[in-house]
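Right, one structure below, let's go through it.
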Amino acid sequence: MLRYAIILIALALPFSNTQAQSKLGNFKDNTSLPSDAYGKVIQSLIDVTNSGNPEEIKKFLLANTTKDFLEALPLQEHIGRIAGFGQAHGGCDFYALRESAATASDSDLRQLIVKGRASGDWFEVMLSFEGNQAPKIANMAAKEIPPAVK
């Protein structure tokens, strides 16, 4: 029940353009995307975000997200958020998967760091998965963060 409440709260927050002000704490950035099932879903998410193609985004969502995620918002709103993020930032490029206290305490959580191609803005995309062999996104939330490159 708590997991669903967290998912609903996070889904209520749209992709944000506000600057993150919190301290990042200790973390390690892995700049190679793993070739496992999680890495494939993450790469597909980046690809459809960059495509901006509503049909491709729809196919991605239907294949790679949970039923609860899909039902939390109308499908067109999910598509619009992903396409809108890609359009607003000229697409995005993978920078790293971040290991932090949050990911250490939740094996289903992936902390994706991407950089907007045209905007140059940096984003943390929190992805919560369900399943191991064929993981599906159960929650997704993004926020702008300070530049990841030091």
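Solvent-accessible area per residue in region 23-65 equals 57 Å², computed with a 1.4 angstrom probe and all protein chains kept. Ordering 97-103, 31-37 by mean Cβ neighbour count within 10 Å, with the highest value first, yields 97-103, 31-37. In terms of its alpha-carbon gyration tensor, region 31-70 comes out oblate; a/c meets the 1.5 threshold, while b/c is at least as large as a/b. With a 1.4 Å probe rolled over the protein heavy atoms of all chains, the accessible area of Glu124, Glu56, Glu71 falls in the order Glu71, Glu56, Glu124, largest first.
If you sort the three axes of the alpha carbon gyration tensor as a ≥ b ≥ c, you get a/c of 1.5 or more for region 40-134 and a/b no higher than b/c, which makes it oblate. Ranking Phe94, Ala142, Ala118 by how far each Cα lies toward the positive end of the dipole of region 55-150 (charges on Cβ) leaves Ala118 at the top.
Taking the Cβ-Cβ separation of Ser44 and Asp106 as r and a Förster radius of 22 Å, what is the calculated FRET efficiency to the nearest 0.05? Efficiency for this residue pair is about 0.55.
Going by accessible surface with a 1.4 Å probe and the largest first, Met126, Met140 read Met126, Met140.
Spatial offset of region 23-81 relative to region 104-150 amounts to 9 Å, using the alpha carbon center of each. As a fraction of the 1.4 Å probe accessible area of region 74-150, surface on carbon and sulfur atoms comes out at 51 percent. In the structure shown, the pairs Lys58/Lys136; Lys59/Lys143; Lys28/Lys58 are assessed against 22 Å; a Cα-Cα span above that value is assigned to Lys59/Lys143; Lys28/Lys58.
The values are calculated or read from the model by the stated rules, or taken from the named source; none is laboratory data. The shown structure was predicted, so the numbers you read here are calculated from the model rather than taken from an experiment. We place every Cβ from the backbone using ideal geometry, glycine too, and count neighbours over all the protein chains shown. These area figures cover heavy atoms from the full protein model, side chains too; ligands, DNA and RNA do not enter into them. Shrake-Rupley method; radii C 1.70, N 1.55, O 1.52, S 1.80 Å.
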